[in-house]
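Contents: one structure, followed by commentary.
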């Protein structure tokens, strides 16, 4: 596939020879006669790679690299100079250059560097696309005052290392909050590991969280790495933490205090660097007052508390959520998104959504399947 490459050099002979080589390799090539011209071209078009001289009049190559790197979607830079020193090469690398070549560049070395830089650029773009796709999947929809407050808290808290307790009813979107906190954190490139504490039997929760050594119990036929170790460097999300056994809570508390754990049946301490996010639909204060939850763990987890409102508390968000689900369902089914009448939407706003957003999503899917070409009021009354 043809790639767009920009050559920035004040020597016409160098530009011509590089163009000839790159066009022979089936690439599309643009030229800039100095750094200022190069910055103009970078501002007007997207490139897959830049070959840039260092010593140029008006704006030198280092300045071009620095300015380009400060923007979004900066392509990889291969710096070229006839005045090669280790200091210049190190400086170029620190400023974000992919590689550094000496003039006149060796042909094989040049082609290899170009190939590697282009491959890296493809990987960077693919990774960015996948992250954006994942973030869109877990987007928090709504502009009500209640949900705006949640979004504002996420923006403030995400870049920190603070532990967060997310509260709210079932189906309100607590997992979305946890995923957004991770996506906007400094740990975004590390794992996000989710554990549903309510879905794991109490006798297995410790093995699930902390792993176990071979032979530590009857069915432990081999060593197992637990969720905390899997999340090392990243984020662990303990969903429905109010259902966790007291013995498991004690071990989680140790991880919070010492950043260490030991596998079930193991004696060795294992260091972990994990940010803990927890969620519950229970009143944990009531739980620790009645002896079902550790008070010290509650205070450790609740440095920041984010309360996710029920759908009933934000009915003005139902139209935007409905349109979002209509489009998402259409995409899943490979069809055109169905339209919905205003009176059908207004009716949905009057309902008591005990299952919250999860219930609304199910109702919208039912309406898509069972209604006619357009969702009307009678459909909402019949199927919601």
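List of remarks:
- Choice from 64, 193, 255 with maximal GNM fluctuation in the chain (Cα, 10 Å cutoff): 64
- Gap separating the Cα centres of the stretch 17-54 and the stretch 146-208, nearest whole Å: 44
- Compared with the dominant principal axis of the Cα atoms in the chain, helix 246-258 is inclined by about 30°.
- The chain: equivalent-ellipsoid semi-axes (sqrt of 5 x gyration tensor eigenvalues, Cα, Å): 50, 33, 18
- When the chain is treated as a GNM with alpha-carbon contacts under 10 Å, the residue of 174, 103, 260 showing the greatest mean-square fluctuation is 103.
- Legend: ranking of residues 205, 270 from fewest to most surrounding C-beta atoms inside 10 Å; resulting order 270, 205.
- Centre-to-centre separation between the Cα atoms of the stretch 238-253 and those of the stretch 275-312: 11 Å.
- When the chain is treated as a GNM with alpha-carbon contacts under 10 Å, the residue of 39, 153, 321 showing the greatest mean-square fluctuation is 39.
- Label-point separation, residue 267 to residue 383 (7 Å along Cα→Cβ), nm: 6.4
- Expressed as a whole percent, the proportion of Cα-Cα pairs in the stretch 4-129 lying more than 26 Å apart is 11%.
- Against the chain, whose longest principal axis is taken from its Cα atoms, helix 318-333 shows a tilt of about 70°.
- Per-peptide average of other Cβ atoms within 10 Å, ordering 180-187, 110-117 highest first: 180-187, 110-117
- Angle between the chain longest axis and helix 35-44 axis [Cα atoms, degrees, rounded to 10]: 40
- The average projected area of the stretch 213-324, computed from the convex hull of its Cα atoms over all directions, is 10.1 nm².
- Structure-based [θ]222 nm, the chain - -39500 (n - 2.57) summed over DSSP H runs of at least 4, per residue, nearest 500: -14000 deg cm²/dmol
- Ordered from longest to shortest, the equivalent ellipsoid semi-axes for the stretch 135-267 are 31, 16, 13 Å, each the square root of 5 times a Cα gyration tensor eigenvalue.
Values quoted throughout were computed directly from the atomic coordinates according to the rules given, and no laboratory measurement underlies them. Predicted model only: the values in this text are computed from it and were never measured. Neighbour counts run over all protein chains shown; Cβ positions are idealised from the backbone, glycine included.
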